[in-house]
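Report on the structure given below.
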Amino acid sequence: MFIAGIRHLDRVRGSGWLDCPNCHEHALQDVVDNMRFLEVLRYRITPAGRRRDLVCRRCGYRRLASQQELSALQTGGKPIRSAWMVPLGGLGIAVVAGLALLVAHVGASTGAEVIQNLTFTEHTGMNVAPVKFLSPNQWNYDASTDSDPPTLRVADVNGNEYFALRRLSDPSPTLNDIAVNHFADEQGINSLGFPTQPPCAKATAVAGQKAELLSIRYTSHGVDSEQRFYAFIHDGVGYTLTFVASGTDSIAKIKDVESEVLKGFKFTAAETPVSPSPGGASATPSPAAGSSAAASPGASPGASPSPTPSVTPCPG
């Protein structure tokens, strides 16, 4: 199949009487433009070259026309003039490309993008965090700066889909601590069908910061639900970004919302992390020499405290 290449086409530009060097007769000579066009899928993009020939009508002899011969010939009573080679096919492509760029520029200038009948525009963290991100205009925004932790919640009108950004106040946080503590908080809220142990954590990134992603499937009030939350740290400050959906359709739709939010998520300022309390935690006084400390019931002498819970990385 012809995909791309050069096509040759003859175009008669005029005619006149000249002596043919082949048959030596004073015969009518056709002026023919041998045009070469660049084509893609049989669509003519642009002329690639031209050669002007003379073809004898008596014997069919074809030769390259000289400028002297052309000056003696006429078409329609007028001299045969030079033809312009205009890339009409290329101009059409350029117009379409220009319109596409214009539409893209207008969309970029307004900061708007439409996905699944939702218009995404840039929003701020509304004093919860120094961030900007793309999110649906049609959703409801609720910033609780006085809560602990400060939270920005963005939800659809039915409450079946939402995402929440939380700025944590724990000093010197780790990704593992953020993930474990957030899972424990959510487990208490959505105890119906919620797993008892955190799932594996997938290493990822949010706004250029290392992050861990945990995906949880459960049933809330008889409806299939899903929660995906990201734990990450910026300038020593811990964050969680959680996407929640209830119902099969909502679970499928919120994936696009999650993608757009993460794609445009960025921090706009540096932050100062929360400082630990002066002197740190108070130490338990040691018993005096010779005195015996009362052992906890059921505890073995010398037993170490329980290890800090942790999430395991996902395979691969």
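The values are calculated or read from the model by the stated rules, or taken from the named source; none is laboratory data. This one's a predicted model, so the numbers in the text were calculated from it and none came from an experiment. Methodologically, a virtual Cβ is constructed for each residue, glycine included, from the backbone with ideal geometry; neighbour enumeration extends over all protein chains shown. Ligands, DNA and RNA are excluded from the accessible area calculation, which covers all protein heavy atoms including side chains. Shrake-Rupley method; radii C 1.70, N 1.55, O 1.52, S 1.80 Å.
Quick notes on this one:
- Here CYS20 fulfils each of the conditions (1) open to solvent by less than 60 Å² (accessible area, probe 1.4 Å); (2) modelled with pLDDT of 70 or more; (3) under 30 Å from ASN140 (Cα atoms) apart from (3).
- The set of residues in the stretch 157-171 being open to solvent by 20 Å² or more (accessible area, probe 1.4 Å) and either under 20 Å from GLY264 (Cβ atoms) or touching a Leu at 6+ places or on another chain (Cβ under 8 Å) (or both) consists of TYR162, ARG166, ARG167.
- For the stretch 207-256, the tally of residues that are basic (Lys, Arg), free of Cβ contacts under 8 Å to residues at least 40 places away in the same chain and surrounded by fewer than 20 Cβ atoms within 10 Å (Cβ to Cβ) stands at 3.
Per-residue answers, yes or no, for (1) open to solvent by less than 50 Å² (accessible area, probe 1.4 Å); (2) assigned to a loop (DSSP other than H, G, I, E, B); (3) touching a residue at least 24 places away in the same chain (Cβ under 8 Å):
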| residue | (1), (2), (3) |
| --- | --- |
| GLU122 | no, no, yes |
| ALA129 | yes, yes, yes |
| TYR141 | no, no, no |
| ASP146 | no, yes, no |
| ASN176 | yes, no, yes |
| PRO198 | yes, yes, yes |
